[in-house]
Amino acid sequence: MAEPLVRIRNLNKWFGDLHVLKDMSIDIDPSEVVVFIGASGSGKSTLLRCINFLEEAQQGEIWFEGEKIDPASTNLNRVRQRIGMVFQRFNLFPHMTAIQNVMEGPTQVVGTKRSEAQTDAVGLLEKVGLADKRDEYPEMLSGGQQQRVAIARALAMHPQVMLFDEPTSALDPELVGEVLSVMKDLAKEGMTMAVVTHEMGFAREVADRVVYIDEGKIIEVGTPEEIFDHAQEPRTQEFLSQIL
């Protein structure tokens with residue numbers, strides 16, 4: 001068995017008096033797609049942000065590629081280069097074209113030559129179906145197109161794992177499918193992915209494992225069939241009965 005790419009052990013996170021992550025432990029294996037589901041405010045997004053060290057947990061351990069990450073001594077920028085993140089909001093630079101947005105990380109953070117970064121960016125925009133939009137600014141793109149540029153931008157850093165924090169929740173319903181299609185293609189190619197989403201059809205189709213989180217705790221973990229068709233925990237059953 002390959003060693004987990006991400007290993008989370010006994011993670012606890014507080015915001016003031018609010019205990020948002022409670023003793024969370026889970027592994028994410030190479031090329032695995034893990035989908036986190038649960039009600040809003042259950043801690044799913046905070047967990048992703050802790051994996052990427054955008055938030056720092058007060059207790060617990062996070063291991064990445066076999067290395068325990070210590071915020072006090074580890075170069076977190078180097079770690080983040082290998083952990084791509086796509087947010088609810090696209091956060092594109094409005095003064096840059098699509099291709100400039102995709103090139104920015106490699107050229108400014110990694111020091112990639114502009115010619116190499118441009119070649120890579122062209123390929124990535126083609127991958128997400130936006131080769132013809134390379135010279136357009138974000139305001140000229142639909143929400144779905146902007147989110148696909150954001151995915152290409154994250155991929156430009158050649159991450160080992162991609163974190164998706166409700167990537168379709170800010171989109172109009174008719175634009176959700178084009179973003180999920182790109183994510184499905186990434187999963188087929190073997191990209192390791194941790195996804196927070198309310199799109200249960202996507203979870204059923206693409207996930208290797210589904211994790212139900214409630215009030216900061218992991219309640220149940222299983223295959224899509226186990227979770228959606230044969231959930232064991234009453235809290236999981238109740239949640240699914242409300243949304244399916």
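Annotations for the structure displayed:
- Scanning the stretch 123-142 for residues that are touching a helix residue (DSSP H, G or I) at 6+ places or on another chain (Cβ under 7 Å) and not basic (Lys, Arg) yields Leu124, Leu125, Val128, Gly129, Leu130, Ala131, Asp135, Glu136, Pro138, Leu141, Ser142.
One line per residue, one yes/no per condition, for (1) farther than 19 Å from Gly129 by Cβ; (2) not β-branched (Val, Ile, Thr):
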position: Val161; (1), (2): yes, no
position: Met183; (1), (2): no, yes
position: Met191; (1), (2): no, yes
position: Val210; (1), (2): yes, no
position: Asp214; (1), (2): yes, yes
position: Ile219; (1), (2): yes, no
position: Glu225; (1), (2): yes, yes
position: His230; (1), (2): yes, yes
position: Glu238; (1), (2): yes, yes
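- When the stretch 105-133 is filtered for residues that are within 17 Å of Gln147 (Cβ to Cβ) and touching a residue at least 40 places away in the same chain (Cβ under 8 Å), the ones remaining, listed by number, are Gly105, Lys127, Val128, Gly129.
- Some residue of the stretch 92-99 being at pLDDT 95 or above, on the phi < 0 side of the Ramachandran plot and under 19 Å from the mean Cα position of the chain (by Cα): yes
- Enumeration of residues in the stretch 162-218 that are free of Cβ contacts under 8 Å to residues at least 40 places away in the same chain, closer than 25 Å to Gln237 by Cα and open to solvent by 30 Å² or more (accessible area, probe 1.4 Å): Glu199, Gly201, Arg204, Glu205
- Among residues that are within 23 Å of Glu199 (Cα to Cα), open to solvent by less than 20 Å² (accessible area, probe 1.4 Å) and not polar (S, T, N, Q), Ile8 is not included.
- Here Thr236 passes the criteria (1) part of a helix (DSSP H, G or I); (2) at pLDDT 95 or above; (3) more than 28 Å from Thr112 (Cα to Cα); (4) open to solvent by 40 Å² or more (accessible area, probe 1.4 Å) except the one numbered (4).
- Of all residues in the stretch 119-161, those satisfying the criterion of being open to solvent by less than 50 Å² (accessible area, probe 1.4 Å) and among the polar types (S, T, N, Q) are Ser142, Gln145, Gln146, Gln147.
The values are calculated or read from the model by the stated rules, or taken from the named source; none is laboratory data. Every value quoted in this text rests on a predicted model; they were computed, and no experiment measured them. Methodologically, a virtual Cβ is constructed for each residue, glycine included, from the backbone with ideal geometry; neighbour enumeration extends over all protein chains shown. When the accessible area is computed, the model is the full protein with side chains, heavy atoms only, and any ligands, DNA or RNA have been set aside. Shrake-Rupley method; radii C 1.70, N 1.55, O 1.52, S 1.80 Å.
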